[in-house]
Amino acid sequence: MSELIVALDVQTRQEAVEKVKLIGDPVDFYKIGLELFTAEGPDVVKAVKDLGKKVFLDLKFHDIPNTVAKAVKSGGRLGVDLMTIHAVGGKAMIRAAHEAAAEYGAAAPKILAVTVLTSLDQSDLADIGILGRTPADQVLAMAKFATGNGADGLVCSAFDVGSLSPQLPLGTLFVTPGVRPAGAAVGDQKRIATPATAVRGGATHLVVGRPIMAAPDPAAAARAIRAEMAAV
Ligand code: C5P
């Protein structure tokens, strides 16, 4: 059964707590990203955990192995459930993140790798020295590299799960943003999948932001998405 994660894209701890309470039971997993974490720090993670919710801390670590390992340990102490790193940080960094998380045993945060930012196209890759590979080739290469070195899963498009999963270890997590229920505003997303399409494609976790956060009745919007996921 795929899980629904709501992107808590707000600016303050107070707004975050209000939204989590307003949405209530239909959602038990929230993503806290750079904007909210930089504004409010670990207190906002604690506040969401105190409401009984799981937290995906999406800070996309990319640093030397020792620093990333310590940051992952800090996340583990906060009790976060999912964290992100950049696969391009290299083998030792990915392994260090994995080992730091493993110290938390059954409560270990799962480490997700970002392969290629969806904002980058082929010419952007060339600019940073990645030549002769399409973004899709690079996504696959980095996905194999990251999962081969201890990453538990990937953040990727719902449309890429089908081609990636047969080439990756069984049990790899696929966390997919860019999800829109039929009829919802697309916003700035480019390749959108409906919740049903994402689940059918093999996504283990769907990240949904504005279609729930900006809905007139966020709890009802979340319930509708869960129903669509469950019907697959
Ligand atoms: O509001 P929306 O559903 O578009 O929010 C999607 C969330 O997923 C945002 O927090 C966004 O930053 C994140 N995300 C994304 N695309 C990626 C990686 C992360 O939309 N490739």
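There is no residue in the range 131-145 that is assigned to a strand (DSSP E or B) and crowded, with 19+ Cβ neighbours inside 10 Å.
If we keep just the residues of the range 93-125 that are small (Gly, Ala, Ser), outside any loop (DSSP other than H, G, I, E, B) and closer than 11 Å to Met83 by Cα, which is nearest to the chain's Cα centre (by Cα)? Result: Ala113. Does Phe56 qualify as being within 15 Å of Val114 (Cβ to Cβ) and crowded, with 16+ Cβ neighbours inside 10 Å? Criteria met by Phe56.
Where helices (runs of 4 or more DSSP H) sit wholly within the range 160-225, those with at least 1 residues that are within 16 Å of the ligand (Cβ to nearest atom), out of contact with any helix residue (DSSP H, G or I) (no Cβ under 7 Å at 6 or more places or on another chain) and touching a residue at least 24 places away in the same chain (Cβ under 8 Å) occupy 195-201, 210-213.
The residues of the range 13-60 that are within 16 Å of the ligand (Cβ to nearest atom), in contact with a Leu (Cβ under 8 Å, 6 or more places away or on another chain) and among the β-branched types (Val, Ile, Thr), listed by number, are Val20, Val27, Ile32, Val44, Val45, Val48, Val55. Filtered by the rule that a residue be among the acidic types (Asp, Glu) and free of Cβ contacts under 8 Å to residues at least 24 places away in the same chain, the range 26-50 gives a lone residue, Asp50. Among the residues of the range 103-120 satisfying the criterion of being of a type in the set (Gly, Ala, Ser) and surrounded by 16 or more Cβ atoms within 10 Å (Cβ to Cβ), which is nearest to the ligand (Cβ to nearest atom)? The residue in question is Ala113. When Ala126 is tested against (1) within 16 Å of the ligand (Cβ to nearest atom); (2) free of Cβ contacts under 8 Å to residues at least 12 places away in the same chain, exactly one condition is not met: (1). Within the range 146-159, how many residues turn out to be buried (at least 21 other Cβ atoms within 10 Å of the Cβ) and either over 19 Å from Ile5 (Cα atoms) or in contact with a helix residue (DSSP H, G or I) (Cβ under 7 Å, 6 or more places away or on another chain) (or both)? Qualifying residue count for the region: 6.
Number of residues in the range 171-193 that are closer than 22 Å to Asp160 by Cα, of a type outside the set (A, V, I, L, M) and surrounded by fewer than 19 Cβ atoms within 10 Å (Cβ to Cβ) equals 7.
Taking first residues from the range 83-111 that are more than 13 Å from Phe61 (Cβ to Cβ) and partners that are part of a strand (DSSP E or B), the Cβ contacts under 8 Å between residues at least 6 apart in sequence or on separate chains come to Lys110/Leu82; Lys110/Met83; Lys110/Gly153; Lys110/Leu173. Listed conditions (1) of a type in the set (A, V, I, L, M); (2) under 16 Å from the mean Cα position of the chain (by Cα); (3) more than 20 Å from Tyr30 (Cβ to Cβ); (4) at pLDDT 95 or above are all met by Ile192, apart from (4).
Which residues, taken from the range 146-164, are within 24 Å of Met83 (Cβ to Cβ) and over 18 Å from the mean Cα position of the chain (by Cα)? Gly148, Asn149, listed by residue number.
The values are calculated or read from the model by the stated rules, or taken from the named source; none is laboratory data. These numbers come from a predicted model, not from an experiment. When we count neighbours, we look across all protein chains shown, and the Cβ atoms used for this are built from the backbone with ideal geometry, even at glycine.
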